[in-house]
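The values are calculated or read from the model by the stated rules, or taken from the named source; none is laboratory data. Because the structure is a prediction, the values reported are computed rather than measured. Cβ sites come from the backbone with ideal geometry, for glycine too, and all protein chains shown count toward neighbours.
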Number of protein chains: 2
Amino acid sequence: MKIAIAGAGAMGSRFAVMLTQGGNEDLTLIDGWPEHVAAIKKNGLQADLGEDDKGVGKGVGLQVPVWLQSEVPSGEQFDLVIVFTKAMQLGQMLHDIQGVLGPQTKVLCLLNGLGHIETLEKYVAKEQIFLGNTMWTASLIGPGKVKMFGTGSVELQNVAPGQEDAARDLAEFLSKSGLNASYSADILASIYRKACVNGTMNCLTALLECNIGQFGQMAPAHAIVTQVVSEFVAVGRAEGLDLNESELVAHVESCYDSAVADHYPSMYQDLILHKRKTEIDFINGAIARKGRKYEIPTPYCDLLTAMIHAKEELLGAK
Amino acid sequence: MKIAIAGAGAMGSRFAVMLTQGGNEDLTLIDGWPEHVAAIKKNGLQADLGEDDKGVGKGVGLQVPVWLQSEVPSGEQFDLVIVFTKAMQLGQMLHDIQGVLGPQTKVLCLLNGLGHIETLEKYVAKEQIFLGNTMWTASLIGPGKVKMFGTGSVELQNVAPGQEDAARDLAEFLSKSGLNASYSADILASIYRKACVNGTMNCLTALLECNIGQFGQMAPAHAIVTQVVSEFVAVGRAEGLDLNESELVAHVESCYDSAVADHYPSMYQDLILHKRKTEIDFINGAIARKGRKYEIPTPYCDLLTAMIHAKEELLGAK
């Protein structure tokens, strides 16, 4: 199978390493960061696999074709493209790789956030789109260098009716490389469940400049979380999802005492530490947009989105 | 006339100086800050009046009776008590000075924010309450020391029907000491107008940590201001006020290019600079409370109030 990873950041790189080690040799990376692409061309993709049982560091250098996103040639068509960009980069990536998307290409979207199907449908037929959610983690530690740790899983589902078998085949294919993938009968509900965590912890820790545990200790935390989750639930239900509001609130609040309590979410890291633009338009902003479409008020998501954008401007985020 | 200033911070001290210089010699200060009270007892109230035309500094030391709020004797009753505490200190002040409030005492409330009448009515009859709004400014530069600059004015009105003449007399009385006071036929509308500025600029600059001009330059500023003001207007209308929403939005936005563009509002100063609790419950929080009473949704005020309280906790504000 001819595979492309479109967006070879931390997660895309991890998937590339695992798929290659799983025996898939016809794999190409596509990315928009010139230094990263240049480093991979020169030295291969360097993966730090942590330490073995004896404490010996393990690594692998993967010689793999890599294209700069703006220089993707047309003509060749991939069987499978796994898109793994930041949410706000999806549209540009799809635009840039149009030449390698054929009518038979399956596109598996594993991005964080909501509202990606609408973007994907501008470039490929619904039948070609598969939506997923992953619990794998990784860090990019520099151009061409990825650090892989822990284990994870993937859930995925077809977007178009009648493609369930194709989705199951895709999950089975990924699992052959150890990616622990399974078919989900309700992927959107899983994605909303994850989005409820991101839609509260991400923006609120970035605005208040605190970690998850600190936020959870504040007296107003429960009222804010409840209100934000209620907007996600109202919009999700308008999209036909069966969501349990109190279970979702409890799911969000379970973070406060968990292993991630000391964690500063990705939006905090992007905005506060690295002065980068955030994914807010694909989390709370997506709920706000969908709310307008369904005529459901989403004032908390509206205000949180506006305040994150204001803080992006104030900090000169790029 | 026997006058007390209940809350002798910057503004209370300024009024005390002006009233004394205007010939009112029976004036007592009441305050809750022990060091301030001790300094006034020892050295009098030291007022820095700025420089005269020739650049010579002018000052005055006012020998004036001063009581610590918790040690107010009972028995004596004042003709006029001007309350000038921080909004959240009003209830405690009225509780502490009950002994000097008689049935003939007029109480003039010049505090920032909304919702003070309800508190005042617990201690005196509606007929005794006068509500005002002032544009005078002053700074407390240390215990017993106030800096007075610029000019200002006072608007005031009776709260109970039939007390209009008393309100006009009170304005005339204050003006005799140069306080430039006038009767207002619509003081609540003036207070709401000022509260719209405080209810946007105060909390938003404190949350985003910026000044007024910086906030005004942000792309989401107009949408946020419009939404917050619309909640103030909806609640104000439920209270019988005639408020013009677009005029109020323009009034708020006129700050961006004004002399206060470089200004960090009092809530920013309280919370970010001095780690003090804020007046949020008497600005956006008051709209949220009144909104619940009138069954008017006020989600922006709810969330902004909650986030300011969260930030107070995070910063350990006292």
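Residue count for the stretch A:283-305, restricted to those that are in contact with a helix residue (DSSP H, G or I) (Cβ under 6 Å, 6 or more places away or on another chain) and either closer than 13 Å to A:Val228 by Cβ or surrounded by 24 or more Cβ atoms within 10 Å (Cβ to Cβ) (or both): 14.
Would you confirm whether any residue within the stretch A:162-185 is assigned to a loop (DSSP other than H, G, I, E, B) and either of a type in the set (Phe, Trp, Tyr) or under 30 Å from A:Met307 (Cα atoms) (or both)? No: zero hits. One residue alone among A:Ala16, A:Ala47 is in the same structural domain as A:Met135 (by TED's automatic domain parsing), part of a helix (DSSP H, G or I) and small (Gly, Ala, Ser), and that residue is A:Ala16. Can you spot a residue in the stretch B:280-297 that is at pLDDT 95 or above and either at the interface with chain A (Cβ under 10 Å from one of its Cβ atoms) or touching a strand residue (DSSP E or B) at 6+ places or on another chain (Cβ under 9 Å) (or both)? Among the residues of the stretch B:280-297, at least one is at pLDDT 95 or above and either at the interface with chain A (Cβ under 10 Å from one of its Cβ atoms) or touching a strand residue (DSSP E or B) at 6+ places or on another chain (Cβ under 9 Å) (or both), which makes the answer yes.
Just name the residue that is farthest from the other protein chains (Cβ to nearest Cβ) out of those in the stretch B:259-268 that are part of a loop (DSSP other than H, G, I, E, B) and among the aliphatic types (A, V, I, L, M). Ranking the qualifying residues of the stretch B:259-268, first place goes to B:Ala259. Hey, any hits in the stretch A:124-136 for a residue that's assigned to a helix (DSSP H, G or I) and either touching a Leu at 6+ places or on another chain (Cβ under 7 Å) or of a type in the set (Ser, Thr, Tyr) (or both)? No: zero hits.
Taken over the stretch B:309-318, residues that are within 9 Å of chain A (Cβ to nearest Cβ) and of a type outside the set (Asp, Glu) amount to 4. A search for C-beta distances below 6 Å between a residue of the stretch A:18-31 that is of a type in the set (Gly, Ala, Ser) and any residue that is assigned to a loop (DSSP other than H, G, I, E, B), counting only pairs 6+ apart in sequence or on different chains, returns A:Gly22/A:Lys176; A:Gly22/A:Ser177. The sole residue among B:Val56, B:Val124, B:Val81 that is at pLDDT below 95 and β-branched (Val, Ile, Thr) is B:Val56. Restricting attention to the stretch A:237-258, the residues that are surrounded by 15 or more Cβ atoms within 10 Å (Cβ to Cβ) and in a helix (DSSP H, G or I) add up to 9. When the stretch A:269-298 is limited to residues that are acidic (Asp, Glu) and outside any helix (DSSP H, G or I), the one that is nearest to the chain's Cα centre (by Cα) turns out to be A:Glu279. Criterion applied to B:Asn158, B:Asn180 was being at pLDDT 95 or above, in contact with a helix residue (DSSP H, G or I) (Cβ under 7 Å, 6 or more places away or on another chain) and either over 30 Å from A:Leu314 (Cβ atoms) or not aliphatic (A, V, I, L, M) (or both), and the one residue passing it is B:Asn158. Given the criteria within 24 Å of the chain's Cα centre (by Cα) and acidic (Asp, Glu), does B:Glu71 qualify? It is true that B:Glu71 is within 24 Å of the chain's Cα centre (by Cα) and acidic (Asp, Glu). Restricting to the stretch B:20-44, what's the tally of residues that are of a type in the set (Asp, Glu) and in a strand (DSSP E or B)? Residues meeting the conditions: 1. Here B:Leu114 qualifies as farther than 25 Å from B:Gly23 by Cβ, buried (at least 20 other Cβ atoms within 10 Å of the Cβ) and in contact (Cβ under 8 Å) with a residue 12 or more places away in the chain. Given B:Ala195, B:Ala167, B:Ala189, which one is under 25 Å from B:Gln77 (Cα atoms) and hydrophobic (A, V, I, L, M, F, W, C)? Residue meeting the stated conditions: B:Ala167. Could you tell me whether the stretch B:197-219 includes any residue that is touching a strand residue (DSSP E or B) at 6+ places or on another chain (Cβ under 7 Å) and more than 10 Å from chain A (Cβ to nearest Cβ)? Looking through the stretch B:197-219, none of the residues is touching a strand residue (DSSP E or B) at 6+ places or on another chain (Cβ under 7 Å) and more than 10 Å from chain A (Cβ to nearest Cβ). If only residues of the stretch B:1-45 that are among the basic types (Lys, Arg) and more than 18 Å from the chain's Cα centre (by Cα) are counted, the one that is surrounded by the fewest Cβ atoms within 10 Å (Cβ to Cβ) is B:Lys42.
Residues in the stretch B:306-318 that are in contact (Cβ under 8 Å) with a residue 40 or more places away in the chain, surrounded by fewer than 24 Cβ atoms within 10 Å (Cβ to Cβ) and in a helix (DSSP H, G or I): 1 in all. Residue-level check: of (1) of a type in the set (Gly, Ala, Ser); (2) crowded, with 16+ Cβ neighbours inside 10 Å; (3) touching a His at 6+ places or on another chain (Cβ under 7 Å), B:Ala219 misses just (2).
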